[in-house]
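Here's the structure, in structure tokens; my notes come after.
Bear in mind these aren't lab numbers, they're just calculated from the coordinates by the rules spelled out. Not measured: the values here are computed from a predicted model. With ideal geometry, Cβ positions are generated from the backbone for all residues, glycine too; neighbour counts draw on all protein chains shown.
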Amino acid sequence: MKKIGVIMNGVTGRMGTFQHLERSIIAIREQGGIPLPGGETLWPDPILVGRNEHKLRSLAEKYGIERWSTDLQACLADPQDQIYFDAQTTLQRAASVTAAIEAGKHVYCEKPLGVSLAESLKLANLAVEKGVKNGIVQDKLFLPGLLKLKQLVDSGFFGRILSVRGEFGYWVFEGDGQPSQRPSWNYRAEDGGGIIVDMLCHWRYVLDNIFGGVKAVSCLGKTHIPERWDEQGEAYAATADDAAYATFELAGGIIAHINSSWCVRVNRGELFELQVDGTKGSAVAGLRNCKVQHAAFTSAARWNPDVADPNDYSAQWVDVPTYQEPDNAFKVEWEMFLKHVVLDTPFPYDFLQGAKGVQLAELGLKSSTSRSWVDVPELKVESLARSGN
């Protein structure tokens, strides 16, 4: 068995605990590790790091983890731990990731990579300079519904793709009666909150990897609910956008539009759905499901609001079958990164890709402020150095 030490910083939060610790690292251990060529097994050995001793001890006891610490520098100095993982809030990320890179650790972290494009490119450049492997979470690429959609695109099912329409979101309670489902910092711009910063990072890698590179963006962000209540029941001003209405121009002339909102009541099959229309067929993909309609089976719609429409449009779509149930999306990417570190297998989701997500979020905010279309320049590592920033 080949052990690999993993410093996990910030996993006391909801996402860190459930997706990265429980459903990824613990799940890998419960399956007996990751099989390697030659019959060896890769075994992740985590040490939980954070500021709250009580939370760390409780998590360690719950999941049977032997190691935890409140001293990040001591952890970074320990040679038995080769990987540093960061799931802290965005404002705290750069300093810790920088320290990990300087200590020679391979780094994997949640998005956004940084609070700005400049900060994100600094981290990407530093990782290249120090020769450490680096990765960013891009979990939605490994969701069952989007895997099916990618297969359809790759097979040529759509013919020429014309447009992509996306709806994401749900109603997040204000917190004065029903408890809020999201942490209060998400709604404070000064703490790194906002749905543009959060979701445009996701939409960048989804659009880039499935349909084609994002070339331009037009985005309008709104703070629909100006007052919310925090975890202590105290009212606070919501200073960050809680909804974003964004249109993207993609390579090949494809137009994509995605609405993202924490102020919308759900009337669709899943919390996130994408409709893709092409000359030969269309698809609607969610987090888990995907259905299609081929051009040969497209009904002749007639606009006449004076009579009942004879078409049952929903019944005319066919489900894409699931041939093999995919594993948890976060776990899949964790296994990819762990093997990347140990075996040097390919891992395309590096810090440069994380910087691209931050770039699109930054340009989305710029577009919202200026109420204009904004071009998305090509990014490369060393972009920051060449710009003189």
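Estimated at 0.36 nm per residue, the fully extended path between residue 80 and residue 2 surpasses their Cα-Cα distance by 26.9 nm.
Ordering 1, 336 from the fewest to the most neighbouring beta carbons within 10 Å gives 1, 336. Remark: 351, 173 ranked as 173, 351, counting other beta-carbon atoms within 10 Å and listing the fewest first. With neighbour counts taken as other beta-carbon atoms within 10 Å, the residues 56, 379, 21 rank, fewest first, as 379, 56, 21.
Relative contact order, whole percent, for the chain stands at 20, derived from Cα pairs under 8 Å and 6 or more residues apart.
Here the Gaussian network model covers the chain, with springs between Cα atoms less than 10 Å apart; of 139, 86, 309, 309 fluctuates the most.
The distance between label points at residue 371 and residue 225 comes to 2.7 nm (points 7 Å beyond Cα on the Cα→Cβ vector). Computed extension length for residue 235-residue 73: 54.7 nm, one decimal, from 0.36 nm per residue of separation with the Cα-Cα distance subtracted. Taking a straight line from the alpha carbon of residue 380, these aspartates and glutamates sit under 13 Å away, with near neighbours fewer than eight places off in the same chain left out: 350. Normalised by the number of residues in the range 140-319, the mean separation of alpha-carbon contacts (under 8 Å, six or more apart) gives a relative contact order of 30 percent. Using a cut-off of 22 Å between Cα atoms, the listed pairs 3/339; 2/105; 2/130; 105/215; 111/291 include 2/130; 105/215; 111/291 as exceeding that distance. Reported to the nearest whole Å, the Cα centre-to-centre distance from the range 44-94 to the range 15-29 is 13. Going 7 Å from the Cα of residue 89 in the Cα-to-Cβ direction, what parts of the range 184-201 have a backbone nitrogen less than 12 Å from that spot? Once the point is set 7 Å along Cα→Cβ of residue 89, 184-194 turn out to lie under 12 Å by backbone N, inside the range 184-201. Based on C-alpha pairs under 8 angstrom that are at least 6 apart in sequence, the range 73-208 has a relative contact order of 20 percent.
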